[in-house]
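The values are calculated or read from the model by the stated rules, or taken from the named source; none is laboratory data. Note that the coordinates shown come from a computational prediction; the quantities given were computed from them, not determined experimentally. Because the Cβ atoms are built from the backbone with ideal geometry, glycine has one as well, and the counts that use them run over all protein chains shown.
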């Protein structure tokens, strides 16, 4: 179905240095402008963010510092982009919570106050989540073709979860999955270890995922100002951070893990002292 428009609609996607709207920067953007007469204009640019691109972010979008070192800064193309978006409504995937706020920050840093009043914002992710809810009842209907009676009772939900897993094994028994590195496997198999490996988003060192293992099997923080940094390195350079964690409302299981990491580092330092 073609879009029924009474003014242009710009679809937007940003690749960035991270997910913090206030401090992260754009490294690539694409604007697709759909006009009411059906004509299209597209603008795709790489941007020098002026700050390093973290390795964990490069692992997602593949853009490295050297790829953008000779590209224009956002301020150099801001006027051109503002003109391209002038008078347009804006659409994107998770754009209301991320892309729009972040690009507005970039415009403001460039001295351009992008006028948003009167514009309409279409967030495709919100439509998807509202029309295709991802709760247990929806999963039961999708995989088992049945309505979940007594939803939110522990027994009904537990039995439904068991039935969903069996249905997933049937549905995906020969289905290929391509991971972020391009590796293609058939991961949904009737083996609990394989299912456990596939169902984890991160390899967590603690139960809740505040501390995870990076690609080198080193425990790193997965939150806050030290996100992505090795826990042992942070405790060595900023010992007070450990004290802050222990005094804050973190789960006891997380405190247990970070304490073990701290003690491990302390013991290594003691060995060095004894040896030298």
Using the structure shown, decide if residue 217 is farther than 20 Å from residue 256 by Cα and without any contact (Cβ under 8 Å) to a residue 40 or more places away in the chain. no
Find the helices (runs of 4 or more DSSP H) located wholly in the range 191-276 whose residues include 3 or more that are modelled with pLDDT under 90 and outside the structural domain of residue 55 (by TED's automatic domain parsing), and list them. 192-199, 252-275
Looking at the range 140-149, is at least one residue surrounded by fewer than 16 Cβ atoms within 10 Å (Cβ to Cβ) and at positive phi? yes
Would you pick out the residues in the range 23-41 that are over 12 Å from residue 99 (Cα atoms) and touching a helix residue (DSSP H, G or I) at 6+ places or on another chain (Cβ under 7 Å)? 27, 33
Can you tell me which condition residue 166 does not meet? The list is (1) in contact with a strand residue (DSSP E or B) (Cβ under 9 Å, 6 or more places away or on another chain); (2) over 30 Å from residue 91 (Cβ atoms), and all the others hold. (1)
Restricting to the range 5-16, what's the tally of residues that are more than 14 Å from residue 99 (Cβ to Cβ) and touching a helix residue (DSSP H, G or I) at 6+ places or on another chain (Cβ under 6 Å)? 0
Is it the case that residue 124 is touching a residue at least 12 places away in the same chain (Cβ under 8 Å) and touching a strand residue (DSSP E or B) at 6+ places or on another chain (Cβ under 8 Å)? yes
Do you know which of the residues in the range 135-163 that are outside any helix (DSSP H, G or I) and modelled with pLDDT of 85 or more is farthest from residue 89 (Cα to Cα)? 149
